[in-house]
Amino acid sequence: MMARPGSSGASGGGLGKNKSMLFLQACGLCITSLYIGFYLGYQEGVNQAEANFMMEKELRLQVPSEDPTSTASFLDDKKPSPTNSPTASPTSRPKAAQEERRLEDLFPEKHTKAFVSGMSLVDRKPFANMFDTGVPLQPTEKGNNKVIILHGFKALPKNASKTQVNTHLSVEEATSKCKYLSLILTERNRHDQCIAIMGQYNSYHISKFMRANNTEVLLHKKNKAVEFDMKKPLQLMKRGADHRSFTTETPTQKDTTEYWTTILQPYLGNLTKYMAELKPIVERAAVPLLKKKPKPPNAKMPHDNDVVIIMVCNQGQSELLMNFMCSCRKRNIDTSAIIVFATDEETQKLSQALGLHTYYNAELFAGIPKQHAPRFGDAIYKRAIYSKLFCVHLVSMLGYSYLFQDVDMIWYKHPLEYFRSLPSAKASPEVLQKFTKNDQPPITKEFEIYMQLDGNMGEFYAPYSGNTGFYYVRQTERTQYFMNHFLASGDLIWSTGTHQAPFLSILNEHASMHGLRVKILPMDHFPGGFHFQRKPVFMRWLVGAVPVPESKQFGPWIFHMSWTENKEVKLQFFQQLGEWYARDTCVTPPPEVGQKRPKGSGVKVNYKELEAKQLDLMSHCCAAEPIVKCHYRYVLYSLLFWLLYWMRAPFGH
């Protein structure tokens, strides 16, 4: 029976509402109490900190300054020291305070004179510009806007103090007496770390100690995240160890032996033959980067100014190659400098039909799978990645400069034009300013390897975080030797599951040991999957959804669809982005979200039929306008999109 107003049923409903209201009020009181408690505790801590600060400040101001030219102290660099004040008398202070606060050198000679005698703080931006190591510079902001310089006693500037931190010096002044400058890069916002500098026989590596609780990590047996335990002692760890994960596993003897016997030995045994086959193809494809007179054949590096663009592809990735070529056709971009290293006959035929220079050797690529890798880092991926190693090494051995890029790429402008336009480091400040992006040091032509910024700031990619899917190499003796070293270390690819981590690790070693000059390209000029996943505002600018602010330097050259699990996702993202041009008549269309594509999918072309009808492959397969399809339109995805916007990464916009 339905309850009428005023009946017992209505009374029960009112009682339920009252209970709900009481519950909400109780929750409100709890939250308010917690807030008041936190606030009072915070305020008490602030008051105590201020009291301690003022007490310490008074004691410090009572101490006479040894150097009247110094304008700073540890605690207050704004108020002058009362050293010359007639009212300041050492005898007027309590004797205990004199003994406790007697001002000595920051670094007492009897303890540290052998390696450090003074300290300066200089502005971070001009320091990074003057001493550019090529790494992507993180934002200069509060808490990270100064650089600490420790001086040896002969490297201390004339107007610098030994008793106080020197904050009045420019970068030029602070380094004017330095014969050597050793630069240490350390993670910002890592507030639980200690940095120790010890006088000792020099080292160009940093030893890393952590309080790890995992036995398997301590013994370097498993590739997993570090679990911290502050009760444990600090123990030596490998540099890739992190609280998240790391990918710096040591290759097993089996991995090394297998690489040497089944991959490296056959390759080196036939290296001369491969180079002879490739040489005429490279000669036809190479273009001069700069307008220079050709060097004589007997010159040391006769082809260092001649550049080719390298791509490697198998049948499983052929749709991406097709789409890249269709996008270049849409924008009327020249592709004559590209050489495709085809790892199977099907891709060789496709590349030739697309009008590309092509190299294929069945013996060289015998172990490379035809299918695409279902997941990043799986066995198929690791096998296919060796083809990336061989193709750049062969071109390097022939003595040419080269740009290597993956096939999941879109060009907005020809990338070689960017490298042609780079100025000299001696150019005027006005010219250099045009090649300065987001407070990064300017990019000049003196560097030898230029890499796209990956965006992954994991320990195993430090310090460059370069992406090995797009990098330019200027042919020099150092870059040639680097590539030889990387080839010899190919077993690291199998143990780490990628060639990016070992590539960057060896690159860092060569930069330190041989002076190899590496530069990371501006992220917003060379965007990729990091932007697609983490930079929603940038992506809206890219597709024209919102106008670009005048204050932002915006001019992308390429887009690299990295940071994706597999080819299916790349195809979906390209359609979502409005950069898919390959018709379904020629390629297997991207699957719906959550579905798998049929095995053997790839470019499907009847070449005999096209030849009989006298049809051009690109005219037949390339759409005049992008084929747009929305694969991700769910509310949850939209919420994640905006969440990432508010958690935007430290680089770029």
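The values are calculated or read from the model by the stated rules, or taken from the named source; none is laboratory data. Owing to the predicted nature of the structure, the values given are computational and were not obtained by experimental measurement. When we count neighbours, we look across all protein chains shown, and the Cβ atoms used for this are built from the backbone with ideal geometry, even at glycine.
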His393 passes all but one of the listed conditions (1) within 29 Å of Pro626 (Cα to Cα); (2) at pLDDT 95 or above; (3) assigned to a helix (DSSP H, G or I); the exception is number (1)
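Could you identify the single residue in Glu550, Glu565 that is under 26 Å from Tyr461 (Cα atoms), surrounded by fewer than 18 Cβ atoms within 10 Å (Cβ to Cβ) and either under 17 Å from the mean Cα position of the chain (by Cα) or not assigned by TED's automatic domain parsing to the domain that holds Arg331 (or both)? Spell out how you get there, then give the answer.
Working: Glu550 fails: under 26 Å from Tyr461 (Cα atoms).
Residue meeting the stated conditions: Glu565.
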Residue set Gly152, Gly143; condition under 35 Å from the mean Cα position of the chain (by Cα), within 22 Å of Thr186 (Cα to Cα) and either modelled with pLDDT under 90 or loosely packed, with under 13 Cβ neighbours inside 10 Å (or both); output residue Gly143
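Pick from region 301-358 the residues that are among the aliphatic types (A, V, I, L, M) and part of a helix (DSSP H, G or I): which of them is surrounded by the fewest Cβ atoms within 10 Å (Cβ to Cβ)? Steps first, please.
Looking only at region 301-358, we keep the residues that are among the aliphatic types (A, V, I, L, M), and these are 301, 307-312, 320-322, 325, 333, 337-340, 342, 350, 353-354, 356.
Restricting the remaining residues to those that are part of a helix (DSSP H, G or I) gives 320-322, 325, 350, 353.
Numbers: Leu320: 25, Leu321: 28, Met322: 28, Met325: 26, Leu350: 27, Ala353: 19.
Here the residue is Ala353.
Would you say Leu398 is touching a residue at least 24 places away in the same chain (Cβ under 8 Å) and buried (at least 22 other Cβ atoms within 10 Å of the Cβ)? Let's see the steps before the verdict.
Numbers: touching a residue at least 24 places away in the same chain (Cβ under 8 Å): yes; buried (at least 22 other Cβ atoms within 10 Å of the Cβ): no.
Considered against the rule, which asks whether it is touching a residue at least 24 places away in the same chain (Cβ under 8 Å) and buried (at least 22 other Cβ atoms within 10 Å of the Cβ), Leu398 comes out as no.
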Residues of region 431-461 that turn out to be crowded, with 17+ Cβ neighbours inside 10 Å, more than 24 Å from Ile410 (Cβ to Cβ) and not acidic (Asp, Glu), as a count: 7
Report yes if some residue within region 513-535 is in the same structural domain as Ile410 (by TED's automatic domain parsing), in contact (Cβ under 8 Å) with a residue 12 or more places away in the chain, over 18 Å from the mean Cα position of the chain (by Cα) and in a helix (DSSP H, G or I); otherwise report no. yes
Residue within region 114-128 that is aromatic (Phe, Trp, Tyr), crowded, with 18+ Cβ neighbours inside 10 Å and in contact (Cβ under 8 Å) with a residue 24 or more places away in the chain present: yes
